[in-house]
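Contents: one structure, followed by commentary.
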Amino acid sequence: MAAEKPTILIVEDEPPIIELVTFTLKGAGWNVAAVQNAGDAWDFIQQRLPQLILLDWMLPDQSGLRLLSRIRADRQFNELPIIMLTAKSMEEDKIAGLDNGADDYVTKPFSPRELTARINALLRRKTPEHSQTLMTAGNISLDPVSCSVSMNDEKIDIGHAEFKLLKFFLAHPDRVFSRSQLLDKVWGDHVVIEERTVDVHVLRLRKALKDAEHLIKTVRSVGYMLSTK
């Protein structure tokens, strides 16, 4: 079963850096897209929202800092995780980047392993459902990289929609979500699905989890949650 991998957008005008970062991120299990200027980056995020942006400071058409400010000023995009990727290592530059809304800062030359670790840490913090690290609850474990779910170390069959739903629940344990919130967070607001379809997928998820179905709780008149207690 192939689940949809998170996409990371690289905004960088140096081909060797694009190549290195693309190779590193694909190896870590992400989809990667790259553009070489701020204008193309803006067009890209309006058509297809990435899970994270790696943004170079120096771009040919305008500074990455200016694009960062534009993204943060737009209600639709202002929560996007953004890491500044730049040769500028001066303290005041880092402060300027963070003041304008960057979530983190990686200075060139950088270690590919460090970059991967920073991305994982940021995604865990801001959008835990897009983390690529192993997720567990009770005797259930989900591996986002291999898109597999195991119970007592034995792989179980699970549908694509149920996988996404379980991954979201595991990322937000002990929190109740309404059907409309689950539709928005798991399927995205661009997908036309009725709220009662969520009930069907929750039912299928419980069936797939067999003895661990009790992890998925119904909260009357509110919605559903994954309980670890």
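Since every read-out is calculated from the coordinates, none of them should be taken as a lab result. Treat the numbers as computed from the prediction; the structure is a model and nothing was measured. FYI the Cβ positions are ideal-geometry reconstructions off the backbone, even for glycines, and counts take in every protein chain you see.
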Alpha-carbon centroid distance for the pair the range 33-86 / the range 113-162, whole angstrom: 26 Å
For the chain, what is the percent of antiparallel DSSP beta bridges, rounded to the nearest 5? 50 percent
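Where nothing but the Cβ of Lys and Arg (+1) and of Asp and Glu (-1) is charged, how large is the charge dipole of the chain around its Cα centre, in debye to the nearest 20?
That gives a dipole near 880 debye.
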Among 110, 82, 146, whose Cα projects farthest towards the positive end of the dipole of the chain, with charges put on the beta-carbon of Lys, Arg (+1) and Asp, Glu (-1)? 146
Between residue 19 and residue 58, take the C-beta separation as r, use R0 = 25 Å, and let me know the FRET efficiency to the nearest 0.05. 0.90
For the pair residue 87 and residue 126, the simple spin-label estimate (label points 7 Å beyond Cα toward Cβ) gives in nm 2.5 nm
Compute the helix-to-body angle for 112-126: its Cα long axis versus the longest principal axis of the chain, expressed 0 to 90° and rounded to tens. 60 degrees
Under the rule a/c < 1.5 gives rounded, and otherwise a/b versus b/c splits prolate from oblate, where does the range 93-198 land using the Cα gyration tensor? oblate
One finds, for residue 47 and residue 26 with R0 = 22 angstrom and r their Cβ-Cβ distance, a FRET efficiency to the nearest 0.05 of 0.55
Could you sort out which of 26/217; 207/229; 26/167; 185/207 sit more than 29 Å apart by Cα distance in this structure? 26/217
Taking Cα atoms, how many degrees apart are the long axis of helix 195-209 and the longest axis of the chain, rounded to 10 and kept between 0 and 90? 70 degrees
Extreme residue, positive dipole direction of the range 7-130, given options 33, 49, 98 (C-beta unit charges): 49
Cα-based shape type of the chain, given that a ≥ b ≥ c are square roots of the gyration tensor eigenvalues and the cut on a/c is 1.5: prolate
Counting DSSP beta bridges in the range 81-213, what percent are antiparallel, to the nearest 5? 70 percent
Length-normalised contact order of the chain, Cα under 8 Å, at least 6 apart, in percent, tallies to 14 percent
Under the rule rounded for a/c under 1.5, else prolate if a/b exceeds b/c, else oblate, using alpha carbon gyration tensor axes a ≥ b ≥ c, the range 31-82 is classed as oblate
Roughly how tilted is helix 64-73, in degrees to the nearest 10 and between 0 and 90, from the longest Cα axis of the chain? 40 degrees
Least to most buried among 201, 214, 172, by other C-beta atoms within 10 Å and fewest first, runs 214, 172, 201
Ranked by Cβ crowding within 10 angstrom, fewest neighbours first, how are 42, 30, 57 ordered? 42, 57, 30
With a 10 Å Cβ neighbour count serving as the proxy for reagent exposure, in which order, fewest first, do 224, 105 appear? 105, 224
Which FRET efficiency, nearest 0.05, do residue 172 and residue 110 yield, Cβ-Cβ r, R0 30 Å? 0.45
Answer in debye to the nearest 20: the dipole magnitude of the range 7-130 about its Cα centre, from +1 Lys/Arg and -1 Asp/Glu charges placed on Cβ, is 420 debye
